Structure formats: structure tokens, C-alpha cells
Amino acid sequence: MAEYKRPTTKAEFDKNFKQKKPLMNDTEAYYEASRCLFCYDAPCIQACPTHIDIPLFIKQIHTDNVTGASKTIFDSNWLGNACGVVCPTGVLCEGACVYNHQDVPPIQIGRLQNYATNKTIDANKTLFKVGASNGKKIAVIGAGPAGLACACEARTLGYEVDLFEAKDKPSGLTVHGIAPYKITNEEVLKEVEYLQNQLGFNIKYNATIDSKDELTMLETNYDAIFIGVGLGATRHLGLEGEDKKGVVGAVEFIEKLRMKHHNTKVPAKVVVIGGGNTAMDAASEAARMGARKTVLAYRNSKENMGAYGFEYDLAISAGVDSLFNVTPIGIVGNGHVEGVKFAKTELVEGKLQTNMNNTFIVRCDMVIKATGQAKQGHLYDLIDGLDVDKKTRIKINSEFQTSNAKYFAGGDAVNGGAEVVNAAYDGKMAAQGIHNWLNK
Amino acid sequence: MVDLSINFAGIKAPNPFWLASAPPTNSGYQIMKAFEAGWGGAVWKTLGVPVVNVSSRYGSVNYRNTRMMGFNNIELITDRPLADNLREIEEVKKYFPDHAVIASLMVESRAEWEQIIKDVENAGADGIELNFGCPHGMCERGMGSAVGQEPEVLKTIVGWVKEAAKIPVITKLSPNISHITDPGLAAVQGGTDSISLINTIKSIVGIDLDSYAPYPIVDGKGTNGGYCGPAVKPIAMHMLKDLAQHPEIGKVPLSGIGGIETWRDVVEFILLGATSVQVCTAVMHYGFGIVREMEAGLRQFMEDKGYNTIYDFAGKALPNVTEWKHLNLKHKVIAEINADKCIGCDLCYIACDDGAHQAIALSDDPANRIPSIIEENCVGCNLCSLVCPVEDCITMVKKDDGTQHITWDERTLNDDIPVTFDDDRAGGKGHFVPKPTDALKNKR
């Protein structure tokens with residue numbers, strides 16, 4: 001049963017994709033902040049990948065020092081505003097809040113964080129200064145969360161920073177790949193603009209780095225290079241009929257949605273393949289775009305899904321149906337997709353096996369593959385002596401330096417795909433790593 | 001059968017809940033509304049030569065999400081003509097003959113006192129309260145707390161009033177004084193029938209960080225106000241205790257005022273010797289309706305304890321409020337943490353380590369946030385149990401067997417107290433304290 005009417009205007013789109021963590025008003029923030037216990041060695045700080053001093057910024061909000069709160073947040077996390085709403089806080093800071101042990105709702109840390117930084121960004125308060133120029137230059141490949149964090153931190157240390165971004169907008173997945181009900185494009189972009197105004201890094205758009213010549217140019221002109229390229233396009237599944245029209249990758253689908261909003265075409269019946277958070281997002285989004293039937297299909301059991309429970313619940317609440325222990329074995333249709341042929345899977349001696357004797361077809365007009373993204377291996381191959389692991393993740397040391405000393409890396413390129421907050425942390429630490437290396 | 005009615009120095013009321021002389025008793029309308037809501041008495045907003053007030057009159061202290069934890073005002077006595085007030089007193093008494101209507105008064109000369117007493121008696125007031133407490137504005141003119149701070153002057157005026165008055169007299173005291181028993185005794189010696197306290201405390205509740213003016217701000221300037229509300233309750237209770245325990249003053253009925261908001265506050269004031277209570281700030285915050293909670297709570301308490309009237313338990317805590325020197329030095333309590341209830345905020349740990357006696361330890365395992373008490377270091381100060389956000393998680397457990405009893409007073413008589421700077425009898429001698437440099441180690 002479809003819960004959502006197909007949006008035909010931006011207003012209807014916004015209604016269907018209502019923000020899950022709406023901006024707090026002053027009163028709500030005041031009351032919520034007053035609940036914080038100010039724990040000693042607070043578990044929320046430990047649970048935050050960027051170790052923001054959360055009790056401090058909450059106390060600062062409560063004492064109406066919102067600028068100070070923002071300083072506390074940005075000091076640890078350059079993308080503090082976006083992270084406040086896109087972070088899976090329920091499994092990070094809020095999940096660690098001691099109130100959970102008392103069956104009392106945890107402090108809404110993410111929304112408080114977003115409240116503070118939003119105010120500061122809207123007031124265009126200057127919090128940071130560019131460091132005294134040290135005459136050195138850093139190139140950053142990819143203006144996503146990792147790259148931006150690296151750029152900000154490097155600017156405070158006195159480096160010239162140029163970012164090379166393949167797309168025409170900054171902030172990578174935050175603007176292109178996060179579900180629209182988690183953050184709006186405007187909010188993502190205004191944080192980048194705010195940081196850029198203060199710290200003055202240069203972003204070159206539509207500037208893909210994917211050739212040896214371009215890399216040589218970077219190596220010649222810059223003292224260090226940070227790789228923050230994230231992941232690539234949705235991986236090919238190798239299914240029969242996968243090239244039919246209407247079969248799309250989840251990342252590509254979400255990007256279209258983020259850029260075109262209600263003008264994204266979503267047909268009546270959609271099958272989403274996958275069991276990770278991106279699959280949940282894609283399914284939920286298809287349903288919110290008015291698909292009459294959206295089916296989530298995952299090859300393993302519900303318990304084994306990679307997605308967070310709350311992401312699955314969100315998809316279900318949007319009207320998504322789910323199929324477990326099914327694996328796609330082919331796409332049917334005549335030019336355009338008409339259905340997905342599935343086989344049942346079962347656990348045999350602890351291993352998931354496909355039972356080709358038990359197959360069926362789910363009719364649909366669109367297939368969204370949320371089965372993982374390819375790594376940017378072609379780029380890594382061009383860099384001399386760059387070691388990657390078996391899963392094509394760049395290997396780094398504790399200073400975020402790669403096996404090619406001039407290159408540092410962080411974010412999805414290193415961890416294989418994690419949260420915005422992890423990338424933000426990596427970028428910041430990598431800038432410090434570069435600084436340490438250049439000042440040896 | 002619980003009977004809440006009182007006879008306070010001859011002033012009868014259906015219950016001990018009175019409105020204090022303040023903005024909520026400015027008019028007959030408000031007082032009738034209050035009586036309808038359940039209040040047993042009201043002390044009329046102080047009558048005298050009408051004043052001129054300023055605009056912007058109240059300031060407050062908020063704590064966390066609690067508004068008006070403390071409250072101050074720079075409003076003066078009534079600014080309405082006496083005739084209007086007298087007419088309304090008469091009207092209120094007509095509708096509520098069994099409720100207590102007390103006229104608070106503040107004038108200067110003996111002639112004025114005599115005249116205004118006659119006026120309010122004619123209007124039907126059941127009693128008079130002398131406002132010797134107002135610490136702002138009126139005191140600059142030699143009235144209010146200016147009188148309350150000069151026991152001799154106070155005694156003289158009480159004497160004038162008692163000579164003139166046919167109805168009972170309550171003397172309201174100012175807390176802005178070192179020893180409340182000085183004006184208390186003066187009032188009794190002057191012949192007062194009863195005492196009420198406290199009036200407000202001189203205060204500055206805050207400074208505006210942009211204009212650098214104190215709240216409430218009147219065109220860029222401010223003045224000290226009178227502080228009241230929940231924050232002043234402990235001060236009020238201590239002064240009430242001082243009067244109630246005094247051999248002379250304790251003989252007259254005492255009306256307790258200061259931060260009373262709930263039935264628990266009421267019971268505490270009664271236990272310390274009050275036989276009527278007066279409320280202002282709580283009404284200014286929540287309206288007259290709060291009396292329902294006070295009355296229901298007081299009744300329930302009395303039923304549970306088997307009391308018929310408030311006189312059955314009035315002053316019952318007084319024998320237990322003693323001087324420090326009479327406390328048992330052999331009494332020993334130790335904190336105990338209930339690990340099942342502990343939520344791991346570790347506030348007890350840091351409070352004890354930074355603010356008390358380093359008697360709480362953290363686990364070596366960072367995943368285990370449940371702290372433990374180091375019994376030999378614990379002095380039983382209560383701090384951990386006070387900061388703990390979970391009800392009944394940290395309890396103070398009695399460790400002495402109750403057989404031993406020695407007080408400072410007794411030890412002094414026995415010549416067994418530390419007398420030199422390095423006396424071996426120092427209470428903390430040999431008690432564990434960490435090395436100063438331990439402060440520089442990372443705890444975890």
C-alpha cells in the first residue's frame with residue numbers, strides 16, 4: 001500500500017521528504033540542553049568519531065553561548081552542521097547517552113548540534129582564521145566530506161589548498177547521496193560556503209583527476225596530495241538482462257533525486273536489491289516518490305542486514321514491502337525491465353546457498369541496485385607505489401599517509417564506505433598528518 | 001478526621017494557606033478569586049499613603065529549565081487610594097466572613113498608625129500585619145526594613161499599634177539583619193500578638209550583559225530588589241527555627257513565609273513551628289490554583305501520620321534542630337552504589353574526586369562505567385548521593401552500631417579536642433589524601 005502521493009511540485013516533494021531531524025527552535029533547544037547531565041568523561045564524546053566535546057557544547061547552548069557551542073563543534077568536526085542531521089546518532093552519540101540505561105529518552109544531541117551551527121552559519125559568525133602562510137600547497141582530490149575537512153584544517157595550518165572536484169557541487173555524498181529527508185541541498189551547501197568564506201580554499205569544479213598527466217601536474221605543483229575520492233559508481237552485478245532500461249544504481253538514483261527532486265521519474269512498481277543503509281534509503285525514497293509498490297529484496301535474513309534497524313523501520317513506515325532470503329538471478333523484460341527473477345536462498349552449514357529449484361519473478365518497472373559501489377581502482381593504479389588492500393581500499397598509516405609518501409588519504413577511499421562523520425574525521429587528521437610530515 | 005482550620009493569635013481561618021501581602025493581594029477581585037480557589041486567608045497588599053510605582057518591576061533567576069527559581073521585585077506598597085482598598089476589604093468580608101483578611105500596614109507617624117488601624121478595623125479586617133520588611137524603596141523613606149533593622153524603633157511602633165488596635169497584630173520581620181531574634185524579641189517586647197517572616201531579601205538578580213544594568217531595568221538603571229521564591233526557602237526556614245526555639249519569641253504564633261510552593265514546603269514550615277503559611281511567588285508564577293495541591297498534600301500527610309490538626313505536629317522538628325556541638329561524632333555513614341540502578345554518568349566520581357574526599361574509584365575497564373566506593377576514604381559527606389541523577393541509586397548506609405555517642409561539647413568538657421595546629425587529635429589525621437602530583441596523571 002502506497003502511503004505517499006506522487007509529488008508534482010517542490011513543495012509536495014518537501015512534504016513527502018519531511019526532515020527527520022527538523023531544526024530546533026530556541027525554546028526546544030533550551031529545554032533539551034537543560035536535560036544534559038554533564039557526565040564525567042562522557043560516553044557520547046567517546047562514541048563520536050570526531051570526539052566533539054558534546055556536554056560542553058550543550059552547556060554552551062543552554063547558557064546562550066551558541067557561538068561558543070559552534071566553535072566547540074567545528075573545532076572537532078568541520079562538517080558539524082551536516083553531521084548533526086545526517087549522522088546515525090542513535091548508534092553513535094545518542095546511543096551512548098547514559099539516559100538510555102534509565103529508559104529515559106537520550107539527549108537529542110544531533111539536533112542540538114545542528115541548532116547551534118545553523119545559527120552561527122546563518123549569522124555568518126567568523127570562528128576561524130587562516131593560519132599564517134607557510135608557503136606550501138596541498139592538493140585535495142575530491143571535495144567531499146573528507147576533502148573539505150582536510151582543506152579546512154590545512155588552511156588553519158597556513159597551507160594553500162586547491163580542491164579538485166569531479167562534479168559541479170561540493171560536499172560529495174552529503175549533497176548527492178544522502179536521503180533528502182535527512183538534509184536539504186541548501187543546508188549542505190551553506191555550510192561549505194560558510195567554511196569557504198572564512199578559510200578561503202579553492203574548489204575547482206568539473207575537474208576530474210583521472211590521468212597520469214593530471215597526477216604528475218599535482219605532484220609537481222603541490223607539496224602534498226590528499227585523496228578523498230570516495231567510492232565510484234554502483235557495481236555491476238553481472239545479471240542476465242542487467243543492461244535493460246529501468247535498471248539503475250542506487251547511488252545514481254539518489255543523486256538524481258537530490259538534484260531533480262520531484263522531476264525524478266519513479267514508476268509504479270520498484271524493486272530495490274540490497275540490505276544496507278543505501279538500500280533502505282533508496283526503497284524509502286521510491287515509496288516517497290509515489291511508487292505504488294516498492295519491494296526491498298535481500299539475499300540473507302532480516303537479522304543479517306547491514307542496515308541499521310532504524311533505517312529499515314523508516315523504509316517499512318514509508319510503505320516498503322520486504323523479501324528476505326532471495327537473490328536476483330536475472331532481469332526480465334523486453335528492452336525495458338518488466339521484472340526481476342529471484343531464487344530463494346538458504347543457510348546450508350552456515351553458508352548462504354542459492355536454491356535454483358525455487359525461483360519466482362517479481363513484476364516491476366524499475367530495479368534499483370543497492371549492492372555496493374565500485375572502488376576508484378583505476379585512479380589508484382595511476383599513482384606510483386600506492387598500496388591498496390584486497391578490497392581496493394587505500395592503505396594508510398596512523399598519520400593517514402599512503403605508501404607513496406606524498407599522498408595521504410581518508411574517507412570512503414580508505415574505509416570502503418562509512419559515514420560522513422568518519423570522512424570528516426579522516427580529512428582533518430590527514431591534514432595534521434601532512435603538516436607533521438612536511439615539518440619533519 | 002483532618003481539620004485544617006486554624007486560630008492564629010485570634011485570627012480564625014478555614015486553613016493555614018494565606019496569601020502574603022504582595023501583588024496577588026492588590027485588590028478585592030484577586031482575593032475573592034483566591035478564596036474561591038481554596039485559600040484560607042489573605043494579607044492585603046500593604047496599605048499606607050499610596051505610592052507611585054515604576055514600570056518594569058520584577059526580575060528572576062532561572063535555573064536550568066526552571067523559571068523563577070528566585071524572584072525579585074521593586075514594586076512598592078499599594079498605589080491605590082486607601083478608600084478604594086477599604087471598600088473592597090469590606091466587600092470581601094461580606095462574601096467570605098469566615099476567611100481571614102489581614103491588613104498589611106506601613107505608615108510613618110503615630111497619628112497615621114492610629115488612623116489607619118481604625119480605618120481597617122472599621123472595614124472589617126480580622127487582623128493587622130506590620131510591614132517592617134520591605135527592603136526596597138520604602139526603606140529609603142524610613143519605613144519597611146528600615147524599621148525591621150532597628151529593634152528599638154520597631155518595639156516603639158509595635159507599642160503604638162498595640163495601644164491602638166483592637167484586632168490581633170502580626171509583626172512581619174525583615175531577614176536583612178544578622179540575628180533575626182533581635183527584631184523578633186523587640187516585637188514581642190513591644191507586645192505583638194504574633195510574628196510573620198521572612199519578608200524579601202535585598203538582592204540583585206542579574207546584570208544585563210549589553211546595557212550593564214541590573215534587572216529589572218528601568219530606563220537603563222536599576223535598584224536592589226526584594227528576593228523571594230523557592231531559592232529563599234532555606235533562609236526563611238532557618239530564621240523561623242531561630243524564632244521558634246527562642247524561649248520568649250517562641251511563645252507567640254509564627255506565620256512562615258519564604259519560597260513556599262508545595263505541600264511539602266508547608267509541612268516543613270509547620271514542623272519548624274509555623275502555624276500559618278503565606279505564599280506569594282508561587283501564585284505569581286502559577287496562579288491561585290496551586291493551593292489545591294498544597295491542601296490535598298497536607299491532608300494526605302496528616303491522614304497518613306494520624307494528625308487531626310496542624311497543631312498536632314507544629315514544631316515537631318524543633319527538638320532535632322540543634323547546635324553543631326551537640327551532634328554525635330561517632331555516627332558513621334558510608335555511600336553505597338546500587339550497580340543495577342547506576343547509569344554510568346560518573347558524576348559521583350568526579351564530584352568526589354574534585355569536590356570532596358577522593359573516595360570513589362572508576363573501573364580499570366573503560367567499558368565498565370559503574371564506579372565503586374573506596375570505603376576507607378569515604379567520610380560519609382553525602383555529596384555523591386546528592387549529585388546522582390538516579391533516585392535511590394546511591395544511598396548512605398549507617399556503619400556505626402549506635403552504641404557510641406560523643407559530641408564536640410562532651411569532648412571539650414573532657415579536654416579531648418585538638419588545641420594545637422598539629423594536634424594528634426585532628427579529625428583528618430591519617431585520613432587518605434592522594435599525593436599532589438597524582439593530579440597530573442591521566443585518570444583514564
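The values are calculated or read from the model by the stated rules, or taken from the named source; none is laboratory data. Fair warning: this is a prediction, and the values are worked out from it, not measured in the lab. Cβ atoms come from the backbone with ideal geometry, glycine included; neighbour counts cover every protein chain shown.
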Report task. Could you tell me which of the residues B:A335, B:A296, B:A314, B:A282 is within 30 Å of B:H405 (Cα to Cα), free of Cβ contacts under 8 Å to residues at least 60 places away in the same chain and not acidic (D, E)? Result -> B:A314
Requested in this report: Assess whether B:Q358 counts as being farther than 26 Å from A:C36 by Cβ, over 32 Å from the mean Cα position of the chain (by Cα), polar (S, T, N, Q) and modelled with pLDDT of 95 or more.
Outcome: no
Query raised in the report: So which of B:V92, B:V107 is part of a helix (DSSP H, G or I), among the β-branched types (V, I, T), away from chain A (no Cβ under 14 Å) and more than 18 Å from B:G258 (Cα to Cα)?
Result: B:V92
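Could you tell me whether any residue of segment A:285-293 is closer than 30 Å to A:E153 by Cα and either hydrophobic (A, V, I, L, M, F, W, C) or outside the structural domain of A:D168 (by TED's automatic domain parsing) (or both)?
No, every residue in segment A:285-293 fails to be closer than 30 Å to A:E153 by Cα and either hydrophobic (A, V, I, L, M, F, W, C) or outside the structural domain of A:D168 (by TED's automatic domain parsing) (or both).
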Report task. State which residue pairs qualify: first residue in contact (Cβ under 8 Å) with a residue 40 or more places away in the chain and over 29 Å from B:I207 (Cβ atoms) and inside segment B:220-247, second residue surrounded by fewer than 24 Cβ atoms within 10 Å (Cβ to Cβ) and polar (S, T, N, Q) in any location, beta carbons under 6 Å apart, and separation of 6 or more residues or different chains. Result -> B:D242/B:T181; B:H246/B:T181
**Report entry** Conditions (1) closer than 20 Å to A:A307 by Cα; (2) at pLDDT 95 or above; number of the one not met by A:R235
**Finding:** (2)
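For every residue, the table says whether it meets (1) within 20 Å of B:N199 (Cβ to Cβ); (2) buried (at least 23 other Cβ atoms within 10 Å of the Cβ); (3) more than 14 Å from every other protein chain (Cβ to nearest Cβ).
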position: B:M69; (1), (2), (3): yes, no, no
position: B:I77; (1), (2), (3): yes, yes, yes
position: B:A83; (1), (2), (3): no, no, yes
position: B:V120; (1), (2), (3): yes, yes, yes
position: B:A125; (1), (2), (3): yes, yes, yes
Requested in this report: Would you check if B:L318 is within 19 Å of B:A236 (Cβ to Cβ) and modelled with pLDDT of 95 or more?
Outcome: yes
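Looking only at segment B:283-291, decide whether some residue is within 16 Å of the chain's Cα centre (by Cα) and either surrounded by 22 or more Cβ atoms within 10 Å (Cβ to Cβ) or not assigned by TED's automatic domain parsing to the domain that holds B:P23 (or both).
yes
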Report task. Would you please list the contacts, defined by Cβ atoms under 7 Å and residues six or more apart or on different chains, that run from a residue in segment B:425-437 that is at pLDDT below 90 to a residue that is exposed (fewer than 11 other Cβ atoms within 10 Å of the Cβ)? Result -> B:F432/B:E376
Query raised in the report: Out of curiosity, is A:A418 closer than 30 Å to A:N81 by Cα and free of Cβ contacts under 8 Å to residues at least 24 places away in the same chain?
Result: yes
Report task. Collect the residues in segment B:163-197 that are assigned to a loop (DSSP other than H, G, I, E, B) and among the small types (G, A, S), keeping them in residue-number order. Result -> B:A165, B:S174, B:S178, B:G191
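Report yes if A:T359 is out of contact with any Phe, Trp or Tyr (no Cβ under 8 Å at 6 or more places or on another chain) and either part of a strand (DSSP E or B) or outside the structural domain of A:E153 (by TED's automatic domain parsing) (or both), otherwise no.
No: the conditions fail for A:T359.
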Query raised in the report: Can you tell me which residue in segment A:269-286 is farthest from A:E3 (Cα to Cα), limited to those that are surrounded by fewer than 24 Cβ atoms within 10 Å (Cβ to Cβ) and not small (G, A, S)?
Result: A:N277
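Yes/no matrix, rows are residues, columns are (1) small (G, A, S); (2) touching a residue at least 60 places away in the same chain (Cβ under 8 Å); (3) within 14 Å of another protein chain (Cβ to nearest Cβ); (4) not in a loop (DSSP other than H, G, I, E, B):
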{"position": "A:D64", "(1), (2), (3), (4)": "no, no, yes, no"}
{"position": "A:G84", "(1), (2), (3), (4)": "yes, yes, no, yes"}
{"position": "A:H101", "(1), (2), (3), (4)": "no, no, yes, yes"}
{"position": "A:P106", "(1), (2), (3), (4)": "no, no, yes, no"}
Query raised in the report: Which of (1) in contact with a Cys (Cβ under 8 Å, 6 or more places away or on another chain); (2) outside any loop (DSSP other than H, G, I, E, B); (3) within 14 Å of chain B (Cβ to nearest Cβ) is the odd one out, the single condition A:G95 does not satisfy?
Result: (1)
Query - Pairs, first within 15 Å of B:R110 (Cα to Cα) in segment B:145-160, second surrounded by fewer than 20 Cβ atoms within 10 Å (Cβ to Cβ), C-beta under 7 Å, six or more apart - result: B:V147/B:V153; B:K155/B:Q189; B:V158/B:G191; B:G159/B:G191; B:W160/B:R110
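For (1) without any contact (Cβ under 8 Å) to a residue 12 or more places away in the chain; (2) more than 28 Å from A:V104 (Cα to Cα); (3) of a type in the set (D, E, K, R), each residue gets a yes or a no:
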site	(1), (2), (3)
A:E3	no, yes, yes
A:N16	no, yes, no
A:N25	yes, no, no
A:Q46	no, no, no
Report summary line: In segment B:25-74, residues that are hydrophobic (A, V, I, L, M, F, W, C) and within 19 Å of B:Y95 (Cα to Cα) total 9
Report task. Pull up segment A:38-52, narrow it to residues that are surrounded by fewer than 19 Cβ atoms within 10 Å (Cβ to Cβ) and assigned to a loop (DSSP other than H, G, I, E, B), then point me to the one that is farthest from the other protein chains (Cβ to nearest Cβ). Result -> A:H51
Query raised in the report: Here are some conditions: (1) more than 14 Å from every other protein chain (Cβ to nearest Cβ); (2) exposed (fewer than 14 other Cβ atoms within 10 Å of the Cβ). A:D26 meets all but one. Which one does it not meet?
Result: (1)
Requested in this report: Return the only residue of A:K71, A:K59, A:K15 being within 14 Å of chain B (Cβ to nearest Cβ), among the charged types (D, E, K, R) and not in a loop (DSSP other than H, G, I, E, B).
Outcome: A:K59
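Pick from B:H331, B:H326: which is out of contact with any Gly (no Cβ under 7 Å at 6 or more places or on another chain), within 30 Å of B:S372 (Cβ to Cβ) and away from chain A (no Cβ under 14 Å)?
Just one listed residue meets the conditions, B:H331.
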Report task. Restrict the check to segment B:136-143 and report whether at least one residue is among the acidic types (D, E), at pLDDT 95 or above and outside any loop (DSSP other than H, G, I, E, B). Result -> no
**Report entry** Subset of segment A:252-265 [in contact (Cβ under 8 Å) with a residue 12 or more places away in the chain and either surrounded by fewer than 23 Cβ atoms within 10 Å (Cβ to Cβ) or touching a Phe, Trp or Tyr at 6+ places or on another chain (Cβ under 6 Å) (or both)]
**Finding:** A:E252, A:E255, A:M259, A:H261, A:H262, A:T264
Query raised in the report: Restricting the search to segment B:198-224, which residues are touching a Gly at 6+ places or on another chain (Cβ under 6 Å) and assigned to a strand (DSSP E or B)?
Result: B:S203, B:P214
